[in-house]
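Chemist: Just dropping this structure here.
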Amino acid sequence: MTSREQAIFALVWFRKREDLTLLAAGFGISRATAYRYRDEAMYVLAAQAPDLREALERVAAEGWAHVILDGKVFDTDRVAETTTSVKGDTIHAWCSGKHRDFGGNVQAVMRPDGLPIWVSEVFPGHLHDQTVATDSGALGALYWAAAHLDLPTLADLGYEGAGQGVHTPIKKPAGDQVLDTDNRTYNRLQQLRP
C-alpha cells in the first residue's frame, strides 16, 4: 500500500470509526496492519498539534476572554499497577475512589465555546484533577496566560486553591448557612460567562 493509500485508510477510519477488522478487509490489509496505519496517522497528527502555550496565544489573539480547565476520568480496563496512597495504603493506581471505577484522568483546556485547544496525556485515575493539571504542566501554562495574555481560567471546585488566574466557584458553607450576596453573585457571573 502506498503512503497515499495509507493516508486514505486513516482518513476513512477517522471519519467513520468503523471496526478496524472490517475496514482492513475492505482495503485488503491485515488487522495488525490496519492498527499500525491508524496509529501512525495519529502520531503524525499529534506531532503537528500546538503545545499549550501556543494554543493559549492563539485563543488570546482570537479575542476570547478566558479559557476553561476541566478533567474527566475515562473508564478503562486491562491496566494493572499499584501505588501507595497518601495514607500509606497500597491501592490500584488506575482506580478512582471518587468514581469507584477504573479509569484514566485526562485534563483539557477549552475555549468558552467548548472547543478543546489542548488535552493532556492520560494519568492514573486515582490522581486528583489538580494534581494531574500540575503534573501535566497545564497549571504553569495557565498561570503564564493569566499574567502575560490577560487570559484567566475558569474551573470547577476540583481546582480550588490552584493559584492566581484560575478562578473557581466559592463553596457553600457547611450546614444551613448561605453564601452572602457578593459570593453568590460571583458564582452566578462565573456560570454566565460565554
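Chemist: Which one of Val73, Thr84, Gly161 is farthest out on the positive end of the charge dipole of the chain, using unit charges on Cβ (Lys, Arg +1; Asp, Glu -1) and the Cα centre as origin?
Modeler: The residue sitting farthest along the positive end of the dipole is Val73.
Chemist: Right, next: Pick from Val109, Val44, Val67: which is most flexible by mean-square fluctuation in a GNM of the chain where alpha carbon atoms under 10 Å apart are linked?
Modeler: Judging by the Gaussian network model, the answer is Val44.
Chemist: Which is the longest stretch in the chain that no exposed loop site breaks, taking sites as trypsin sites (Lys or Arg not before Pro) with a DSSP loop state and at most 10 other Cβ atoms within 10 Å?
Modeler: In the chain, the maximal stretch lacking such sites is 101-194.
Chemist: With springs only between Cα atoms under 10 Å apart, run a GNM on the chain and tell me which of Leu139, Leu69, Leu11 wobbles the most.
Modeler: Evaluated over the chain, the most mobile residue of the options is Leu11.
Chemist: Additional query: In whole angstrom, how far apart do the alpha carbon centroids of the range 133-194 and the range 77-110 sit?
Modeler: Each part reduced to its Cα centre gives a spacing of 25 Å.
Chemist: Excluding same-chain residues fewer than 8 positions from Lys171, which lysines have a Cα within less than 24 Å of its Cα?
Modeler: Straight-line reach from Lys171, under 24 Å: Lys72, Lys98.
Chemist: Can you spot the aspartates and glutamates whose alpha carbon is less than 17 Å from Lys16's alpha carbon? Ignore those fewer than 8 places along the same chain.
Modeler: Straight-distance partners of Lys16: Glu5, Asp39.
Chemist: Also, quick follow-up: Which length gain, in nm to one decimal place, applies between Leu149 and Val178 when the Cα-Cα distance is subtracted from 0.36 nm times their residue separation?
Modeler: Full-extension gain reported as 6.9 nm.
Chemist: Can you give me the distance in nm between label points at Gln164 and Arg58, each placed 7 Å from the Cα along the Cα-to-Cβ direction?
Modeler: In this crude label model, Gln164 to Arg58 measures out at 2.8 nm.
Chemist: Considering the chain as a Gaussian network with a 10 Å cut-off on Cα pairs, which listed residue, Thr83, Thr134, Thr21, attains the greatest mean-square fluctuation?
Modeler: Thr21
Chemist: Roughly how many nanometres apart are two label points built 7 Å out from the Cα toward the Cβ at Asp19 and Ala49?
Modeler: 2.9
Chemist: Compute the whole-percent fraction of alpha carbon pairs in the chain spaced more than 23 Å apart.
Modeler: For the chain, the share of Cα pairs beyond 23 Å comes to 59 percent.
Chemist: Helix-only mean residue ellipticity at 222 nm, the chain, DSSP H runs n ≥ 4 weighted -39,500 (n - 2.57), per residue, nearest 500. What is it?
Modeler: So the calculated ellipticity at 222 nm is -12500 deg cm²/dmol.
Chemist: Can you check what the net charge comes to around Ala60, using other residues whose Cβ is under 12 Å from the Cβ of Ala60 (Lys, Arg +1; Asp, Glu -1)?
Modeler: Within the 12 Å Cβ shell, the charges total -1.
Chemist: Taking Cα pairs under 8 Å and at least six residues apart, what relative contact order does the range 3-48 come out at, in percent?
Modeler: Details: 23 pairs, mean separation 16.9, N = 46.
The value is 37 percent.
Chemist: Which whole-number percent gives the relative contact order of the range 52-192, counting Cα pairs below 8 Å spaced six or more residues apart? Before the final figure, lay out each step's value.
Modeler: Working: 226 pairs, mean separation 30.9, N = 141.
Taking the mean separation of contacting Cα pairs over the length of the range 52-192, I get 22 percent.
Chemist: If the only charges are +1 at each Lys and Arg Cβ and -1 at each Asp and Glu Cβ, what is the size of the charge dipole of the chain around the Cα centre, to the nearest 20 debye? Walk me through the intermediate numbers first.
Modeler: Numbers: 20 positive and 25 negative charges, 85 e Å.
Rounded to the nearest 20 debye, it is 400 debye.
Chemist: Please work out the ratio of the alpha-carbon Rg of the range 59-111 to 2.2 N^0.38 Å and round it to two decimals.
Modeler: Its radius of gyration relative to the 2.2 N^0.38 Å reference: 1.62.
Throughout, read-outs are computed from the coordinates displayed, never taken from laboratory work. These numbers were taken from a predicted model, which means no experiment stands behind them. Backbone-built Cβ (ideal geometry, glycine too); neighbour counts: all protein chains shown.
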